[in-house]
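Presented below is the structure to which this report refers.
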Amino acid sequence: MKSYNKLFENNKNWVAEKKKENPNFFNELSKGQTPEYLWIGCSDSRVPANEITGTQPGEMFVHRNIANMVVHSDMNLLSVLSYAVEVLKVRHIIVCGHYGCGGVLAAMGNKQYGLIDNWLRHIKDVYKMHHTELDSIKDETEKGRRFVELNVIEQVYDLCKTSIIQNAWKNNQEIFVHGWVYDLNDGLIKDLDVTFASNEELPKVYQFTM
């Protein structure tokens, strides 16, 4: 219980520090949120979105799951996306993976883990799409790093294919969708240079018509 109760002490210290910096911090925060960013990241405890980007409470809307996946039937993610785009009017949506991701590495192998295997199957589909490139990489560490990157790229594509993003672009709402990777070894974020700002940048089969 000692480690559990420590969380309450940490909270009190955090509140005191915030009030010291700005006595009106919590009064202002309670009035609402207008974040510019939606972060779709991994649930890994080593990748705290606000901390690694230097953003404050209220600046970033966050959704996290195993291996930062964008699954078209995931109502949790779609609900977050809908609220972020249609209500909060975020301008930037970031899919951020991280090197050494346990979910991605598990999907590279054939070991059975339990219920999570059903989630990992979506990641395995990404491997299948890029198996020629991945199978040509002999170093397992480098293969894993590349698989992380490819997984992020595919999730960016899947995000842009959703009706939520498509309709926002049709209505001339300015939204940029980005793909990043965080490196646990040095703490730096890598931009994968995969950014979309309109549905014209997608294959025509995914573009909705009015």
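Only the coordinates and a few stated rules stand behind these numbers; no lab work does. Given the structure is predicted, the values throughout are model-derived calculations rather than measurements. Reconstructed Cβ throughout: ideal geometry from the backbone, glycine too, with neighbour counts over all protein chains shown.
The table below lists the values:
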| quantity | calculated |
| --- | --- |
| Nearest-0.05 FRET efficiency for residue 112 and residue 184, computed from C-beta distance (R0 30 Å) | 0.70 |
| Size of electric dipole in the chain: Cβ of Lys, Arg +1 and of Asp, Glu -1, about Cα centre, debye, nearest 20 | 640 debye |
| 15 Å beta-carbon shell around residue 88, net charge (K/R +1, D/E -1) | -1 |
| Among 112, 166, 33, residue whose mean-square fluctuation peaks in a GNM of the chain (springs only between Cα atoms under 10 Å) | 112 |
| Sequence-distant residues sharing a close amide H with residue 182 (under 5 Å, placed H) | 97, 98, 99, 190 |
| Relative contact order computed over the range 33-206 (Cα-Cα under 8 Å; 6+ residues apart), in percent | 24 percent |
| Rh (Kirkwood; distinct C-alpha pairs) - the range 33-206, Å | 16.5 Å |
| Difference of contour (0.36 nm per residue) and Cα-Cα distance, residue 56 to residue 136 | 24.6 nm |
| Sequence-distant lysines (8 or more away, or on other chains) whose Cα lies within less than 30 Å of residue 124 | 111, 138, 143, 161, 190, 204 |
| Efficiency of FRET from Cβ geometry, residue 3 and residue 167, R₀ 41 Å, rounded to 0.05 | 0.35 |
| Fewest-first ranking of 101, 160, using other Cβ atoms within 10 Å as the exposure measure | 160, 101 |
| Mean residue ellipticity (222 nm) of the chain, computed from DSSP H runs ≥ 4 via -39,500 (n - 2.57), nearest 500 | -13000 deg cm²/dmol |
| For the range 68-101 and the range 170-204, distance of Cα centres in Å | 12 Å |
| Those lysines that a straight Cα-Cα span of less than 19 Å connects to residue 2, excepting residues fewer than 8 apart in one chain | 12 |
